[in-house]
Amino acid sequence: MEVSPLEPPAGFVERAAALGVAFEAGELERLGAFLAMMLETNKTHNLTAITDPTEAWTRHILDALTLLAVLSTLEDGSRVADIGSGGGVPGVPLAIVLPGLNFTLVDATGKKATFLRDAVSALGLTNVTVLQDRAERMGQDLAHREQYDAVVARAVGPMPMLIELLAPLAKVGGAVLAIKGAKAAEELASAKDAIRAVGATYERTLETPTGKVLAFLKARKTALAYPRSGGLPKTKPLGSERKK
Ligand code: SAH
């Protein structure tokens, strides 16, 4: 894919610095190249509703980089899974600025996985693997279950469903990070039973430029019953049978 990188808007580097992010040589250009590819592909395949370049730098790049507060504490060689990566957020921006970590970007849709593979190869990212797969299946596959030091996601579903998809993939002691909107506190409250059921505990909420990140610890092994198959995490989310 040959498109020229988007320039960061005025004030972008300062806003990133406020999040504790400093860029190494070439990283801003790679981030801009990623956005250019995403917006170009978006003309023919739906990847994002955000088409304004300035907004894309904030909503896609800064939002993703908020997770550095947790991910930059991981040792080199640690494994991070981005579930429902879609157009590559948050996984691709994170893989650009954290070259020492190994990223697995997962999406159930073939067209999304194809875009992700093309983008990763055009950007020359050697620390990224792309899988077309479903989180429910991976969570029951010993090659993936409890194999990741951190599992991250944005805009894949409500928290009770999401924690059932993400937590089984995290190692005990690993992190689960969900980028959420302004209603993060309500989402957290609605997922209390689900969080406990899958062996996670809530740790803290990080502020992003556009919302909040819910950070969880994978505290205990996940019971083998989870994640459930057949679409149950979505249609019958854990805790939904109990009256609130
Ligand atoms: N994370 C991206 C995309 C969000 S759209 C962003 O924030 O921009 C949600 C994506 O999750 C879609 O691409 C969809 O194909 C994928 N998805 C939904 N459920 C999934 C599942 N169970 N396993 C894997 N991918 C899933």
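The values are calculated or read from the model by the stated rules, or taken from the named source; none is laboratory data. Quantities reported herein were computed from a predicted structural model and do not represent experimental measurements. Here the Cβ is made from the backbone with ideal geometry for all residues, glycine too, and neighbour counts use every protein chain on show.
Contact annotation: residue pairs with Cβ atoms under 9 Å, 6 or more positions apart or on different chains, pairing a residue in region 52-79 that is under 12 Å from residue 152 (Cβ atoms) with a partner that is surrounded by fewer than 19 Cβ atoms within 10 Å (Cβ to Cβ) and of a type in the set (Lys, Arg), are 79/171. Within region 100-114, being within 15 Å of residue 38 (Cα to Cα) and more than 10 Å from the ligand (Cβ to nearest atom) holds for one residue alone: 114. In the set 118, 76, only one residue is among the acidic types (Asp, Glu), more than 16 Å from the chain's Cα centre (by Cα) and away from the ligand (no atom under 16 Å from the Cβ); that residue is 76.
For region 120-134, check the following and say yes or no: at least one residue is among the charged types (D, E, K, R), surrounded by fewer than 16 Cβ atoms within 10 Å (Cβ to Cβ) and at pLDDT 95 or above.
Residues of region 120-134 that are among the charged types (D, E, K, R), as a first pass: 133-134.
Now restrict to residues that are surrounded by fewer than 16 Cβ atoms within 10 Å (Cβ to Cβ): none.
No, there is no match, as no residue in region 120-134 is among the charged types (D, E, K, R), surrounded by fewer than 16 Cβ atoms within 10 Å (Cβ to Cβ) and at pLDDT 95 or above.
Note on region 169-188: residues that are within 12 Å of the ligand (Cβ to nearest atom) and either part of a helix (DSSP H, G or I) or free of Cβ contacts under 8 Å to residues at least 60 places away in the same chain (or both) total 4. What is the residue count in region 15-29 for residues that are in a helix (DSSP H, G or I) and either closer than 15 Å to residue 116 by Cβ or modelled with pLDDT under 95 (or both)? Here the count works out to 4.
If the condition is being within 12 Å of the ligand (Cβ to nearest atom) and not basic (Lys, Arg), then region 133-148 contributes 133, 135, 136, 138, 139, 144.
Inspection of region 69-78 finds no residue satisfying the criterion of being at negative phi, in contact with a Lys or Arg (Cβ under 8 Å, 6 or more places away or on another chain) and among the β-branched types (Val, Ile, Thr).
If you go through region 88-121 and keep only what is assigned to a helix (DSSP H, G or I) and farther than 19 Å from residue 24 by Cα, you end up with 110, 111, 112, 113, 114, 115, 116, 117, 118, 119, 121.
Can residue 77 be described as assigned to a loop (DSSP other than H, G, I, E, B), touching a helix residue (DSSP H, G or I) at 6+ places or on another chain (Cβ under 9 Å) and of a type outside the set (A, V, I, L, M, F, W, C)? Lay out the reasoning, then the answer.
Values: assigned to a loop (DSSP other than H, G, I, E, B): yes; touching a helix residue (DSSP H, G or I) at 6+ places or on another chain (Cβ under 9 Å): no; of a type outside the set (A, V, I, L, M, F, W, C): yes.
Here the answer is no, as residue 77 does not meet what is asked.
Annotation: residue 127 fulfils all but one of (1) in contact with a helix residue (DSSP H, G or I) (Cβ under 6 Å, 6 or more places away or on another chain); (2) within 14 Å of the ligand (Cβ to nearest atom); the unmet one is (2). Please verify whether region 190-207 includes one or more residues that are buried (at least 16 other Cβ atoms within 10 Å of the Cβ), within 16 Å of the ligand (Cβ to nearest atom), of a type outside the set (A, V, I, L, M, F, W, C) and in a helix (DSSP H, G or I). Within region 190-207 (the criterion being buried (at least 16 other Cβ atoms within 10 Å of the Cβ), within 16 Å of the ligand (Cβ to nearest atom), of a type outside the set (A, V, I, L, M, F, W, C) and in a helix (DSSP H, G or I)), the answer is no, since none of the residues qualifies. Inspect all residues belonging to region 80-99 and state whether any of them is acidic (Asp, Glu) and within 15 Å of the ligand (Cβ to nearest atom). Checked region 80-99: at least one residue is acidic (Asp, Glu) and within 15 Å of the ligand (Cβ to nearest atom).
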